[in-house]
Each structure stands twice: as structure tokens, then as C-alpha cells.
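A.B. asks: I'd like to ask some things about the structure below.
The values are calculated or read from the model by the stated rules, or taken from the named source; none is laboratory data. All values reported here derive from a predicted model rather than from experimental measurement. Every residue, glycine among them, receives a Cβ derived from its backbone with ideal geometry; neighbour counts consider all protein chains shown. Ligands, DNA and RNA are excluded from the accessible area calculation, which covers all protein heavy atoms including side chains. Shrake-Rupley method; radii C 1.70, N 1.55, O 1.52, S 1.80 Å.
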Amino acid sequence: MDNLILAFTIIGVLGIGAQWLAWRLNLPAIVLMALAGIIAGPVLGIFSSPDAPPGTPPMEALFGDFYRPIIAVAVAVILFEGGLQLNFSDLRGLTRGVRRLVFPGVLIAWFLGAMASYLIAGLTWQAALLFGGVMVVTGPTVIIPLLRQSKLNPRPATLLKWEGIINDPIGALLAVLVYEFLVIGDHGGTSVEIISSLILASTLALGFGYAFGRFTAAAFRRGWVPEYLKPPVLLALVLVCFEIANLMQEEGGLLSVTAMGVTLANSRIASINDLRLFKENIAVLLVSGVFIILTANLTVETLRVLDWSAFWFLIVMLFVVRPLTVFISTMGSGLPWKERLLVGWIAPRGIVAVAVSSFFGASLTAAGYLDGDKLIALAFAMVFATVVLHGFSISPLAKALDLASRERPGVLIVGASPFSAALAAKLKEMEVPVTVADASWRRLRPVRLANVPTYYGEILSEVTEHHVDLNRYGYLLALGGNEAHNALVATDLAPELGRASIYQVNARGKDEEDRKALSYTLQGRTFLHNGAPLDELVRRHYSGWIFQRTKISEEYPPEQYKKDLGQEGEIILIMRKGEIMFASREVPVKPETGDVVLAYIPKPPEQKGEKAKDKGGKDKAKPETAAKGEKPAADA
């Protein structure tokens with residue numbers, strides 16, 4: 001293929017398509033991306049060029065001299081995005097176990113990984129040292145989606161999450177240091193000179209990244225850059241920092257951009273969340289594209305180096321190196337054995353491991369060292385093995401060790417009121433995990449009296465991030481009395497929960513074209529099909545409205561239920577095969593046979609427990625039916 005535009009189009013479709021398919025199938029995205037790249041590259045040869053010299057990898061032939069710069073820039077942006085997630089205020093609350101996993105855990109993993117690479121995989125000692133450093137990373141781009149999928153308890157989730165974020169740039173740093181050690185050593189330097197040079201170069205790179213981050217933070221804070229230009233300006237500054245640091249010291253840019261990201265993350269910039277979201281989007285695009293490029297660049301000759309020694313290397317890395325690293329580094333940390341066992345097994349490698357291995361593997365080959373190609377193949381094999389095995393085993397293992405929630409996705413209600421208290425109590429009665437959050441202790445009183453879990457505090461504060469595990473919740477209802485705060489909650493938490501899972505009481509009123517109302521772009525989905533505002537819901541509460549749960553069955557079909565519900569009744573949610581679907585104006589829900597429907601209806605006139613009858617003598621609303629052929633029993 002000689003058409004670069006067509007090549008970029010195919011790469012984009014394959015990368016983003018694999019990401020989307022992974023989301024739909026709830027599978028690790030990196031597995032599908034790797035499969036897509038391998039099928040397009042070594043299997044089908046889509047990117048092959050007939051004019052390329054024999055033995056030239058297809059992507060290197062396609063991009064020519066731009067191949068390595070593309071990979072280098074992508075790795076730099078990914079590492080910067082990882083550093084941008086590392087806030088020191090979060091680290092202060094970490095347990096001793098997390099600190100042990102970083103130090104001495106990294107050194108132990110580096111030593112054991114290098115020994116396995118040298119003794120079992122058969123790498124030269126130079127390549128083994130470099131590859132052992134790369135293998136200390138655990139891939140935050142992979143582990144964080146796995147944590148959301150598995151619903152781990154907060155402590156083991158924190159261990160795995162922050163180990164991945166911190167160790168990612170450290171692994172790249174170790175690879176840089178080994179590479180620099182080898183390059184400087186080839187020029188005849190003594191050991192003291194080499195070590196001194198590496199320490200000085202690393203210090204200069206880190207210092208430059210810190211200074212560049214401080215300059216960027218000051219420019220943003222003082223208004224030197226308008227809001228709409230901040231994301232693209234930040235991207236340009238990251239590239240500038242990367243290149244200047246590389247000019248000062250070869251490959252020092254990776255250290256600098258990581259330090260720059262950490263500096264910005266701790267500079268308390270008002271727009272830091274918007275910048276993080278932008279950089280995350282850029283990182284997703286780069287991860288998708290670069291991983292397709294890397295896998296499609298594999299050749300049959302590269303894959304042939306994976307022999308039985310590579311298989312035994314994977315076995316040792318999975319079942320010896322990782323568990324032994326965690327066991328030794330967490331001794332005396334006070335962690336329960338179950339958590340140590342889980343963390344000792346879960347260590348998926350991701351895009352950084354592959355990209356750094358590919359980058360430095362090619363560099364080692366160009367510098368005259370052996371095993372550069374084998375290093376690349378081993379990296380892909382390690383990523384495949386860990387992502388597949390850990391991705392599909394984390395949920396059952398966590399549940400077997402009682403370290404994961406067995407509950408269905410819960411509901412987080414932000415804003416306490418008599419209506420939300422009654423709704424939360426009904427959800428709890430239906431065995432749906434629910435928590436009501438509010439900054440007012442007084443407003444939470446009816447919720448506490450209903451024996452419903454509460455969170456007292458501002459849901460958007462930094463402290464909340466340490467006390468509310470959003471992974472437990474699949475839905476958020478913004479039901480507060482302040483419309484602007486509801487919109488802010490919906491906007492701020494949309495990247496975490498997904499806007500499709502956030503509902504808020506109607507802020508626009510009946511007139512959808514009301515120009516004085518909040519913009520629809522700031523809101524989640526409108527709570528309830530008719531979009532009743534909070535004051536109307538509270539009025540109904542004091543008027544005696546009740547929540548009614550009804551089982552739709554063949555004896556009581558959806559058509560009859562809708563007729564009995566009447567015009568006033570309002571469907572709140574539908575439970576279908578264990579999943580919850582809230583009613584909204586944007587996506588109306590339709591009951592089907594087998595569903596359990598929760599509705600909000602006017603209290604029927606009852607006397608001495610007898611249900612009112614309509615003119616035909618039938619019940620006006622039929623509650624839940626327990627089993628086929630049984631008469632429904634009241635459930636209000």
C-alpha cells in the first residue's frame with residue numbers, strides 16, 4: 001500500500017472500531033485491537049508494499065523515516081496523560097501496601113524480570129536488562145477498565161490502580177536508563193562516568209519537565225491563554241517539552257513530559273479536569289492508532305522467534321515473578337493474604353509496554369545489539385497473555401476471594417428531599433444498592449430515618465473522591481433543589497459514569513425552548529418521561545402519592561398495565577433481566593412481559609385495606625404477581 005490517506009483511514013477504523021466493539025462486548029479493548037492489527041498486517045497483508053525491500057516490516061516501509069517519530073510522540077503523549085492523573089493529594093491517602101509495590105516492588109520486579117529474560121527467554125544481558133525494566137509497568141490504560149468491570153472493593157482497586165499509574169513512567173524510565181547506559185558505554189566511558197552522566201541527564205530532564213510544567217500552569221492561571229485554546233496549546237507545549245529535552249539528552253523527553261504532567265496535575269489549575277478529558281481523548285486516539293500500527297508491523301519472521309523458551313518465560317513471569325514480587329514487597333505491610341494473592345496475579349501489560357519495547361527494541365537493533373526483534377515479539381506475547389488471562393479471571397477470582405461486590409450496579413442519588421428519600425427507600429426494598437448524597441445534614445434526616453445509606457458532603461469535592469467509590473454505581477440521579485448544581489453534577493461526573501447513565505430532574509420546564517433555562521448540553525437525561533420538576537414531585541409526595549411495584553406477566557400483559565396505570569401514573573424504572581432502565585424524556589421505556597415496573601401513582605382510595613374498584617369491578621392498578629396463576633398482592 002502506497003496511499004497514506006487510505007492507510008490512516010484503515011488504521012482509524014480498525015482502532016476505534018475495536019475500542020467500540022470491546023465496549024459493546026465488555027471485553028479488554030487491547031485484545032481486540034491486537035487481533036485487528038494482526039489480521040490486517042501479518043495475516044492479510046493489507047499494508048504491505050510490493051516496492052519495499054525484502055524483510056522490511058510493512059509499517060516501516062509505509063511510513064519510512066516517520067515510523068519511529070510517530071511511535072515516540074505517541075508514547076510521550078501517553079506518558080504525559082498518565083502523569084496528569086497523578087495527584088499527590090491522592091497519594092497521601094494510600095496505604096503502606098501501595099508504597100511497597102512502588103518501592104522496593106519496582107526494583108524486585110526489574111531484577112526478577114531481567115533474570116527470567118536472560119536465563120529463560122535467552123535474551124542477551126543488555127536486552128534482558130532493558131526488557132526487565134519495561135515489564136515492571138502494569139498498564140493503567142488496561143487495568144482501570146478492568147477495575148470498573150470487576151467491581152473490586154476499594155482497597156485492592158486502589159492498590160492496582162495506583163501501582164499502574166506510578167509504575168508506568170518508571171518502567172519507561174528504567175528502559176531509558178538502560179539504553180543510555182549501553183549507548184554511553186559503547187563510547188568507552190567508565191562505570192563512574194556512565195552512572196554520573198545518567199544521574200545528571202535524568203535530573204536535568206526531570207527538572208526541565210518540572211519547570212516547563214510550572215510555566216504552563218502559570219500561563220493558564222494568569223489568563224495568557226484563552227479557554228478555547230488551552231487544550232491545543234497544552235498539546236503543542238507537550239511536544240515542545242519532549243523535543244527540547246531530547247535535544248539536551250537523547251530519549252530524555254519521556255522523563256520530561258512525565259514530570260510535566262505530574263507538575264500540572266498538582267498545580268491546582270481551575271480547568272484541569274477539562275484538560276485531563278482532552279488529553280484522555282487524545283490518548284485514546286493514539287493508543288488505538290499506535291497499537292494497530294505496532295501489531296500490523298509484525299512479520300511472520302518476528303512471530304517465529306516465539307518458541308518454547310518464550311512460552312516458559314511467560315509461565316515464569318505470570319506464576320513466579322509477579323507473585324514473588326508482590327509477596328516480598330508487601331511483607332509487613334498489613335495487607336490481608338487475599339488482597340496480596342489477588343494483586344500478585346493481576347498485572348496486565350498495556351500499550352506503553354508494547355510501544356516502549358518496540359521503540360527501544362528497534363533502537364537496540366540499530367545500535368548493533370542482538371535480540372531487538374525478539375524483545376518486540378516477547379512484549380506482544382506478554383501483553384496478549386496478561387490481558388486475556390487477567391482480564392477474564394479478575395472477576396471470578398475477586399468474587400471467590402470475597403474482594404468484589406456481588407451486588408448489581410447501584411444507584412447514587414444526589415440531593416436529599418422527601419421524594420428522593422421515599423424513592424431510595426423503595427429501591428432498597430427492591431434490593432437495589434442505593435446511596436443518597438447531600439451537603440446538608442438536615443436534608444438527609446428523612447433518608448437516615450428510612451435506614452438508607454447516606455453520604456454527608458459535597459459530591460463534587462476532592463475529599464469525596466476518597467470516600468465514594470463510583471465504581472459501585474451504574475446510575476446517578478441528580479434530584480437536588482438547585483438546578484445549576486444538578487447540571488454541574490451531571491457534567492462533572494459524565495466522563496466517569498457516562499452521560500447515558502445520569503438523570504436529573506427537569507430544569508427546562510414545559511417550554512423546551514425557554515432561553516432562560518439551563519442549556520441541554522449541561523444536563524444528563526431528563527428524569528421521568530413527563531419531566532416533572534422537583535417541586536411537583538415533592539407536592540405529589542405530600543399529596544399521598546406512592547411507589548408501586550408491578551410484575552408484568554402473561555396473565556397481566558403490558559397493554560393492561562398501561563391501561564390500569566392511567567394518565568396520571570408515572571413509570572420510574574423498569575427492571576429487565578437484572579438491569580435497570582430509568583424512564584426519561586429522551587428514551588421512553590416500554591414494559592415487556594417479564595419486567596418488573598416501579599411506578600409513581602396517586603394513592604388509591606382505600607378503606608380498611610380494601611382496594612377500590614372501577615366501574616367494571618376490576619382493580620385500577622395491579623401490583624406484582626408472584627407466580628403464574630396467582631392473584632397479585634398489594635405492594636405499595
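A.B. asks: Can you pull out every residue in the range 397-412 that is farther than 26 Å from residue 35 by Cα and assigned to a helix (DSSP H, G or I)? Steps first, answer last, please.
C.D. replies: Looking only at the range 397-412, we keep the residues that are farther than 26 Å from residue 35 by Cα, and these are 398-412.
Scanning the range 397-412 gives 398, 399, 400.
A.B. asks: Right, next: Only one of 328, 269 is among the β-branched types (Val, Ile, Thr), more than 30 Å from residue 42 (Cα to Cα) and not in a helix (DSSP H, G or I); which?
C.D. replies: Just a single option satisfies the conditions, and that option is 269.
A.B. asks: Still on this structure: Return yes when residue 359 is part of a helix (DSSP H, G or I), over 20 Å from residue 43 (Cβ atoms) and open to solvent by 40 Å² or more (accessible area, probe 1.4 Å) and no when it is not.
C.D. replies: On the way: part of a helix (DSSP H, G or I): yes; over 20 Å from residue 43 (Cβ atoms): yes; open to solvent by 40 Å² or more (accessible area, probe 1.4 Å): no.
It is false that residue 359 is part of a helix (DSSP H, G or I), over 20 Å from residue 43 (Cβ atoms) and open to solvent by 40 Å² or more (accessible area, probe 1.4 Å).
A.B. asks: Moving on to the next point. Six or more apart or on different chains, Cβ under 6 Å: which pairs go from a residue in the range 24-36 that's under 15 Å from residue 13 (Cα atoms) to one that's open to solvent by 30 Å² or more (accessible area, probe 1.4 Å) and assigned to a helix (DSSP H, G or I)? Could you list them?
C.D. replies: Listed by first residue and then by second, the contacts come to 29/19; 32/21; 36/14.
A.B. asks: Let me ask you something else. Just checking, which of 300, 326 is touching a residue at least 60 places away in the same chain (Cβ under 8 Å) and open to solvent by 20 Å² or more (accessible area, probe 1.4 Å)?
C.D. replies: Only one candidate passes the filter, namely 300.
A.B. asks: Any chance you could count how many residues in the range 126-136 are of a type in the set (A, V, I, L, M) and free of Cβ contacts under 8 Å to residues at least 60 places away in the same chain? Walk me through how you get there before you give the answer.
C.D. replies: Here is the first cut: in the range 126-136, the ones of a type in the set (A, V, I, L, M) are 127-130, 134-136.
Subset that is free of Cβ contacts under 8 Å to residues at least 60 places away in the same chain: 128-129, 136.
Total satisfying the criteria: 3.
For (1) surrounded by fewer than 24 Cβ atoms within 10 Å (Cβ to Cβ); (2) of a type in the set (A, V, I, L, M); (3) over 21 Å from residue 258 (Cα atoms); (4) at pLDDT 80 or above, each residue gets a yes or a no:
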| site | (1), (2), (3), (4) |
| --- | --- |
| 71 | yes, yes, no, yes |
| 76 | no, yes, no, yes |
| 80 | no, no, no, yes |
| 91 | yes, yes, no, no |
| 113 | no, no, yes, yes |
| 118 | yes, no, yes, yes |
| 125 | yes, no, yes, yes |
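A.B. asks: Still on this structure, please answer the following. Name the residues in the range 350-382 that are modelled with pLDDT under 80, within 19 Å of residue 56 (Cβ to Cβ) and under 25 Å from the mean Cα position of the chain (by Cα), would you?
C.D. replies: 358
A.B. asks: Cβ-Cβ under 7 Å, sequence separation 6+ or interchain: first residue in the range 382-396 and in contact (Cβ under 8 Å) with a residue 40 or more places away in the chain and in a helix (DSSP H, G or I), partner of a type in the set (D, E, K, R) and open to solvent by less than 20 Å² (accessible area, probe 1.4 Å). Which pairs?
C.D. replies: Partner pairs satisfying both residue conditions: 382/349; 383/349; 386/349.
A.B. asks: Can you list the strands (runs of 3 or more DSSP E) found entirely within the range 541-610 that contain at least 3 residues being open to solvent by less than 20 Å² (accessible area, probe 1.4 Å) and within 27 Å of residue 478 (Cα to Cα)?
C.D. replies: Numbers: elements: 546-551, 570-576, 579-582, 596-601.
Strands (runs of 3 or more DSSP E) meeting the threshold: 546-551, 570-576, 596-601.
A.B. asks: Need pairs with beta-carbon distance below 6 Å; first residue within 26 Å of residue 172 (Cα to Cα) and within the range 329-353, second among the polar types (S, T, N, Q) and open to solvent by 10 Å² or more (accessible area, probe 1.4 Å); sequence gap 6+ or separate chains.
C.D. replies: Correct list of pairs: 350/141; 351/141.
A.B. asks: Those residues that are buried (at least 18 other Cβ atoms within 10 Å of the Cβ) and within 32 Å of the chain's Cα centre (by Cα), I need them from the range 45-57; list them, please.
C.D. replies: Matches in the range 45-57: 47 only.
A.B. asks: Something else about it: Would you be able to say whether some residue in the range 435-449 is of a type in the set (Gly, Ala, Ser) and either open to solvent by 30 Å² or more (accessible area, probe 1.4 Å) or farther than 23 Å from residue 157 by Cβ (or both)? Steps first, answer last, please.
C.D. replies: First, pick out the residues of the range 435-449 that are of a type in the set (Gly, Ala, Ser): 437, 439-440.
When the remaining residues are screened for being either open to solvent by 30 Å² or more (accessible area, probe 1.4 Å) or farther than 23 Å from residue 157 by Cβ (or both), the result is 439-440.
Yes, the range 435-449 has at least one match.
A.B. asks: Related question: Name the pairs whose Cβ atoms lie under 8 Å apart, with the first residue in the range 98-125 and within 29 Å of residue 158 (Cα to Cα), the second among the basic types (Lys, Arg), and 6 or more positions between them or separate chains?
C.D. replies: 109/322
A.B. asks: Answer yes or no as to whether residue 279 is crowded, with 23+ Cβ neighbours inside 10 Å and of a type in the set (Lys, Arg). Walk me through how you get there before you give the answer.
C.D. replies: Values: crowded, with 23+ Cβ neighbours inside 10 Å: yes; of a type in the set (Lys, Arg): yes.
Yes: the conditions hold for residue 279.
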